[in-house]
Amino acid sequence: MSNSTKSPAFGTTPGAETGFGRQFTRRDLLGSSAVLGATAALAGLLPSAKARAATPKKGGHMKLASAHGATTDTLNPGLLPNGYQWMVQFAIANTLTETLADGSLGPSLATEWSANADASVWTFELRKGVEFHNGKTMEAQDVIDSFNHHRAEDLASFVKPLVDQITDIKTDGKHRVIFHLSGGNADFPVTTTSAGFTIFPSDGNGHINWQDGNGTGGYKLKRYDPGVVAELERNPNYWNPDRAHADQITMLVIADPSARVNALMTGVVHAIDSVELKVLDRLAKTPGINVEETSGSLHYTFPMLTKTAPFDDVHVRQALKHAINREEMLSKILQGHGSIGNDNPIGPSYRYFADDIDRLPYDPDKARWHLKQAGHDSIAVKLSAADAAFSGAVDAAVLYKEHARPAGIDIQVVREPNDGYWSNVWLKKPWCACYWGGYTTESEMFLTGYAPGAAWNDTQWDDEEFNKLMAAGRTETNPEIRREIYRDMQIILRDRGGAVVPCFANDVLARSDAVQHDELAADGAMDGRRIAERWWVA
């Protein structure tokens, strides 16, 4: 999925001692909207859980564990395929704007922003006096080079489709940046909340130095062992005194769900993501353990490479879509903690979610009909899965196999290793399990996952009608016209797309009483992936 770039500055020998105390080895881990101003609300994000305490406390050592992360991880802001990387990125660096816990758009490195009449020119006023971890003062050129990093032809950045609309970026002094777009885009300030758009220092030659991890964030990176651990210490010069409460943070990668729960139960870590739903009751009854969940844009998928046989035939794709029992997936895999999907990435949390279009039913007879249209009486296909894709992914693939059998479809489940799944399976195997955390706007979701040539277009989707609608929706500022455009796009993906999207899943995390938080954000797991600077040690 990406090439790993590991900075020697963060490479330490597993088992070595630093100011963070005992180090963790791999063996240890396996054993244990239209927005036109800074305060405009983002539509659709659901209310989230409230904390038991709302007064942050400074100090302490917070320890977290995530199901995601891989040895191929990097600090390159253009190559962040998993949620663990987003957590690290948001700990060490900031974006121009930020999605707040209540779903509204708030300031970060930009204090305010405004657009011209057709939203094709956006001006951002930058916060003054912000320092990178290396002491350099942040200025407009750092922002320009950070965005241009994704416009380079030699980088398959996951946010490249989002910057393709930028025709020019100019400065007006050291603290004002002006973006010129090829057309109107009322969502542009929302786009800048992505971890891909974290700001790093310019090297003076038109590039940024991301390799050293010197961002403007609340934490300095002291050790980074991709796929294992990130160790951070609080930045004493952080520009936001209301954030970054813990003195130290350890972020572990524990892909095995049982080991992750055990780490929480034994006090090795204070919070975990992607909790196995089958252990929720046990966790909830455990003194000192809190289970919390939010509803947002997270969805589980089975993407097919639509340029690879037999998935290049729309009838084969339709057969597979009619051969899955979504209600049973929701019941048995998610235990009801989510909602039914309809083979497109737009769910109930989105502003333009089309709740009036028919959902594809489980219909083995109709699946057989589509197979016959493709010239098959029966078919055998391989489905690669690992729980690295999402908790319960292997079980979901096995259940899908049972659903498909009456339709004459033999799904051969290939259990893949967790480590290396995102670099060796996703985007490479013809059919696999996947998850998407989703994005704040429909435009961002479509451009990242379904635009032709996008680095994360995991179905190789390229449909002329869809592409025209995507371009029109991005520049349309009339909300009613946009609603119709996005409705049509959702129907096209349901009927012709290459992704089976059985369910939208609630984000379920568990924490001990040792850590606290305020209102949880619903725009991503672990408090919108900003857990490092939002939570505190009790």
Could you tell me whether Thr286 is farther than 24 Å from Thr55 by Cα, in a loop (DSSP other than H, G, I, E, B) and polar (S, T, N, Q)?
yes
If Arg317 satisfies every condition in (1) closer than 30 Å to Lys136 by Cβ; (2) outside the structural domain of Gly528 (by TED's automatic domain parsing) but one, which is the exception?
(1)
Of (1) surrounded by 22 or more Cβ atoms within 10 Å (Cβ to Cβ); (2) not in a strand (DSSP E or B), Asp102 satisfies every one except (1)
Cβ-Cβ under 6 Å, sequence separation 6+ or interchain: first residue in region 343-365 and aliphatic (A, V, I, L, M), partner part of a loop (DSSP other than H, G, I, E, B). Which pairs?
Ile346/Phe353
Determine whether Gly213 is small (Gly, Ala, Ser), more than 23 Å from Ala538 (Cβ to Cβ) and modelled with pLDDT of 95 or more.
yes
(1) surrounded by fewer than 22 Cβ atoms within 10 Å (Cβ to Cβ); (2) closer than 24 Å to Ser339 by Cβ: which one isn't true of Arg529, the others all being true?
(1)
Would you please name the residue that is farthest from the chain's Cα centre (by Cα), looking only at residues in region 347-399 that are modelled with pLDDT under 95 and aromatic (Phe, Trp, Tyr)?
Tyr350
Assigned to a loop (DSSP other than H, G, I, E, B), at pLDDT below 95 and in contact with a Lys or Arg (Cβ under 9 Å, 6 or more places away or on another chain) - does that describe any residue in region 171-184?
yes
Filter region 121-163 down to the residues that are within 23 Å of the chain's Cα centre (by Cα) and of a type in the set (Val, Ile, Thr), then identify the one that is nearest to Ile208 (Cα to Cα).
Val143
Right, Thr97: modelled with pLDDT of 95 or more and within 23 Å of Val143 (Cα to Cα) or not?
yes
Screening Pro430, Pro479 for residues that are more than 18 Å from the chain's Cα centre (by Cα) and within 29 Å of Glu327 (Cβ to Cβ) leaves only Pro430
If you go through region 230-259, how many residues are modelled with pLDDT under 95 and part of a loop (DSSP other than H, G, I, E, B)?
2
Kindly evaluate Trp369 against the criterion of being outside any loop (DSSP other than H, G, I, E, B) and among the aromatic types (Phe, Trp, Tyr).
yes
Qualifying residues in region 348-372 (those that are touching a His at 6+ places or on another chain (Cβ under 6 Å) and of a type outside the set (A, V, I, L, M, F, W, C)) - the one surrounded by the fewest Cβ atoms within 10 Å (Cβ to Cβ):
Asp363
Keeping to region 312-358, report how many residues are of a type in the set (D, E, K, R) and over 22 Å from Arg405 (Cβ atoms).
5
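The values are calculated or read from the model by the stated rules, or taken from the named source; none is laboratory data. Please read all numbers here as calculations on a predicted model, not as lab measurements. Methodologically, a virtual Cβ is constructed for each residue, glycine included, from the backbone with ideal geometry; neighbour enumeration extends over all protein chains shown.
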